[in-house]
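Worksheet: the structure to be examined is printed underneath.
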Amino acid sequence: MSVDAPETQAAPQAPRERPAGIGLVGWLRWGWRQLTSMRTALVLLFLVALGTVPGSFLPQRGLAPEKVTTFFQQHKTLAPVMDKLSLFDVYAAPWFAAIYILLFVSLAGCVLPRAKHHVDQLRSRPPKAPRNLGRLPEAASYETAAAPDEVLAEARGILKGRRFRVDTYDDAVAAEKGYLRETGNLVFHLALLVLLFAVGSGAAFGYKGNVLVTEGEGFSNTLASYDAFKGGRSFTASKLPPFTVWLDSFSASYLPSGPNRGQPTNFSAKIRYQNGLRSSVKSYDLKVNHPLNVDGSRVYLLGHGYAPRFTVRDGKGQVAFQGAVPFLPTNEATYASEGVIKVPDAQPDQLGFIGLFWPTAVPNQQGKVVSAFPAAWNPQVALFAFKGDLGLSNGAPQSVYRLETAKLKPILMGNKVKPLATGQTLQLPGGAGSVTFDGYRQYVTLQVNHDPGRVPALAAGIVAIAGIVTSFLVRRRRVWVRATAADGGRTVVQVGGLTLGGATPDFEAIVERLKAAAPEESRSTAPDEPPNTDEE
């Protein structure tokens with residue numbers, strides 16, 4: 001009887017250690033690689049373009065603050081939500097700045113290493129010839145009686161004449177050109193970096209302001225003169241250049257008839273300006289898309305409107321107000337406008353008026369007065385009158401285009417309001433005074449824009465276009481010529497070429513030049529070599 005050997009028990013194994021993670025440094029490297037990849041740069045570029053869409057469709061505070069106010073009045077629920085997302089000030093929004101900075105960092109991290117690698121390639125020698133030139137997309141071979149050294153010397157001269165970078169390795173000549181393709185691509189991306197930096201610096205150090213100027217008046221380039229002003233994050237008021245602009249007259253032309261009747265054909269503002277206190281006063285014809293350049297700033301003509309002139313006498317018969325009041329257009333086609341007149345100096349009660357102005361007043365089918373044309377062919381105005389406390393002394397800010405009627409008593413409303421023609425006077429009931437419509441003046445809305453990054457951005461854009469066009473037109477090419485001694489004192493010449501993007505006639509021209517340089521009685525085309533399955 002045999003005794004079975006006890007089963008051998010396996011020795012207990014030590015517990016395996018959990019593999020260590022990549023750590024903080026590893027995660028930072030991974031994040032940097034993801035951020036500086038071309039895919040991320042394209043995504044960020046798309047997000048920047050997507051982020052500008054609200055700025056194109058929604059009114060922006062920096063350009064049209066009055067339209068933002070109107071939007072809030074029309075969309076009382078939606079507007080505050082959109083305002084929290086900075087959709088009325090897109091280009092100053094934190095989320096837009098974050099995308100912009102990430103795009104700049106991504107492009108810099110992607111392009112700068114590529115530029116260094118490209119410089120290293122330009123300084124390196126052309127690569128050695130492959131072992132089997134016949135396997136290249138472009139290949140040719142022939143025999144000649146010239147010695148191998150003579151063939152290689154001739155090949156060097158021909159390739160240099162065609163602007164190839166040439167080097168010799170033993171029995172072969174290596175040549176390449178077309179690095180301008182990669183150079184153009186890098187120039188495009190570097191110019192894009194400069195463009196982003198220029199736009200960012202312009203937003204940081206520049207400023208933009210809107211001001212309304214009536215005929216016969218002017219403004220100085222100070223913060224107090226602007227109706228709306230927005231400076232960059234690094235802008236200070238002391239950087240405002242000291243210039244002054246006066247509006248002498250404004251004229252607008254419209255089509256008088258036809259299907260496009262009332263369409264504007266020309267806007268022209270006759271202005272004078274003075275660059276500093278010691279310079280002379282100069283004249284300029286300000287038009288749309290023809291801004292005035294003064295002391296590094298550009299003055300644009302944005303819009304225009306009518307400013308009816310009034311003389312208001314209070315209950316004691318004294319002139320309490322006299323002047324032109326800008327009315328805002330409510331209809332851009334006919335320039336029917338609305339405005340507010342505030343007369344805090346009237347006695348015994350302060351007076352306020354809400355006015356409607358029609359440049360070409362005509363009755364419609366219902367008998368209501370409307371404006372039929374944007375030019376002032378028959379100007380008329382209607383005034384709704386109030387008296388009481390205008391609320392100007394309590395310190396709360398008020399819009400000049402809005403009348404607070406909470407503490408006012410209406411004294412002339414509804415059907416009692418009759419349109420006034422030029423020179424007519426409206427007597428207010430209850431001995432409150434009178435209002436005379438003295439005519440009108442026109443006003444223009446100007447925008448003063450100072451952008452220090454404008455010229456660098458333009459130059460960068462031109463360079464970027466030149467770089468991308470160059471990268472499309474130039475092809476990367478490599479050519480190798482090998483000369484090997486054969487039996488009978490002859491030389492076998494093999495020519496191979498590799499062109500990025502497909503074959504070009506350049507290779508055939510090089511082969512023809514090489515054959516033409518060989519002794520005529522010794523040239524013969526070598527039979528095609530069998531394909532070599534060995535790896536190069």
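The values are calculated or read from the model by the stated rules, or taken from the named source; none is laboratory data. The model shown is predicted, which means the values in this text are computed figures rather than measured ones. All Cβ positions, even for glycine, are placed from backbone atoms using ideal geometry, and neighbour counts span all protein chains on display. Accessible surface areas use protein heavy atoms only, side chains included; no ligands, DNA or RNA. Shrake-Rupley method; radii C 1.70, N 1.55, O 1.52, S 1.80 Å.
Couple of notes before you dig in:
- Violating pairs (Cα-Cα greater than 29 angstrom) within the set Lys270/Lys368; Lys287/Lys342; Lys67/Lys282; Lys84/Lys208; Lys116/Lys239: Lys270/Lys368; Lys287/Lys342; Lys67/Lys282; Lys116/Lys239
- Ratio of Rg to Rh over region 461-517 (Cα coordinates, Kirkwood Rh, two decimals): 1.23
- Separation of alpha-carbon centers, region 326-379 and region 111-138, rounded to whole Å: 75 Å
- With all protein chains in place and a 1.4 Å probe, the accessible surface of the chain carries 56 percent carbon and sulfur.
- Trp27 accessible area, assembled protein chains, probe 1.4 Å, Å²: 150 Å²
- Net charge dipole size for the chain [Lys, Arg +1 and Asp, Glu -1 on Cβ; Debye, nearest 20]: 2060 debye
- Over every Cα atom in region 328-411, the radius of gyration and the widest Cα-Cα span, Dmax, amount to 15.1, 46 Å.
- Long-range HN-HN contacts of Tyr306 with modeled amide H, under 5 Å: Phe327, Tyr443
- A cut-off under 13 angstrom between Cβ atoms defines the neighbours of Ile510, and their net charge, with Lys, Arg +1 and Asp, Glu -1, is +3.
- Each of Gly391, Val294, Gly178 was scored by the projection of its Cα onto the charge dipole of the chain, and the greatest displacement toward the positive side belongs to Gly391; charges sit on the C-beta of Lys, Arg, Asp and Glu.
- For the chain, the longest principal axis of the Cα atoms and the long axis of helix 148-161 meet at an angle of about 10 degrees.
- Accessible area per residue for region 80-159 is 53 Å², calculated with a 1.4 Å probe on protein heavy atoms, without ligands, DNA or RNA.
- The fraction of Cα-Cα pairs per 5 angstrom bin, counted from 0 for region 367-502, comes to 2, 6, 8, 8, 9, 8, 6, 4, 4, 4, 4, 4, 4, 4, 3, 3, 3, 3, 3, 3, 3, 2, 2, 1, 0, 0 percent, rounded to whole percents.
- Take every pair of alpha-carbon atoms less than 8 Å apart whose residues are at least six positions apart; their mean separation over the length of the chain yields a relative contact order of 20 percent.
- With only the Cα atoms considered, the chain has a convex hull volume of 407 Å³ per residue.
- 0 to 90° range, to nearest 10: angle between helix 65-74 axis and the chain longest Cα axis: 80 degrees
- log10 of Debye I(q)/I(0), alpha-carbon scatterers only, for region 109-224 at 0.10, 0.18, 0.23 Å⁻¹: -0.57, -1.04, -1.33
- Our Cα-only numbers for region 436-481 put the radius of gyration and Dmax at 26.2, 97 Å.
- By a 1.4 Å probe calculation restricted to protein chains, Tyr300 has an accessible surface near 60 Å², given to the nearest 10.
- Taking amide H positions as modeled 1.01 Å from N, with prolines and chain starts lacking one, the residues under 5 Å from Tyr440 and 5 or more places away or on another chain are Arg309.
- Take Glu338: with every protein chain present and a 1.4 Å probe, its accessible area is about 90 Å².
- Mean sequence separation of contacting Cα pairs (under 8 Å, at least six apart), scaled by the length of region 382-430, corresponds to a relative contact order of 48 percent.
- Each part gets one Cα centre, and for region 201-266 versus region 472-513 those centres are 65 Å apart.
- Listed values for region 465-477 are Karplus-derived 3J(HN,Hα) couplings in whole Hz (6.51 cos²θ - 1.76 cosθ + 1.60, θ = phi - 60°), namely 5, 4, x, 5, 5, 4, 5, 7, 7, 8, 10, 7, 9, and x replaces Gly and Pro.
- With contacts taken as Cα pairs under 8 Å at a separation of at least 6 residues, region 288-416 carries a relative contact order of 17 percent.
- For Lys84, net neighbour charge (Lys/Arg +1, Asp/Glu -1) across residues whose Cβ lies under 15 Å away: 0
- Cα-Cα pairs of region 202-300 separated by more than 16 Å (percent): 63 percent
- Environment charge at Ser124 (Cβ cut-off 15 Å; Lys +1, Arg +1, Asp -1, Glu -1): +4
- Over every Cα atom in region 62-118, the radius of gyration and the widest Cα-Cα span, Dmax, amount to 18.3, 58 Å.
- Along its principal axes, region 264-354 has C-alpha extents of 50, 40, 17 angstrom, given from the largest down.
- Tilt relative to the chain, helix 38-51 - C-alpha long axis, 0 to 90 degrees, to 10: 10 degrees
- A 1.4 Å probe run over the protein chains yields, for region 317-438, 51 Å² of accessible area per residue, whole-number rounding.
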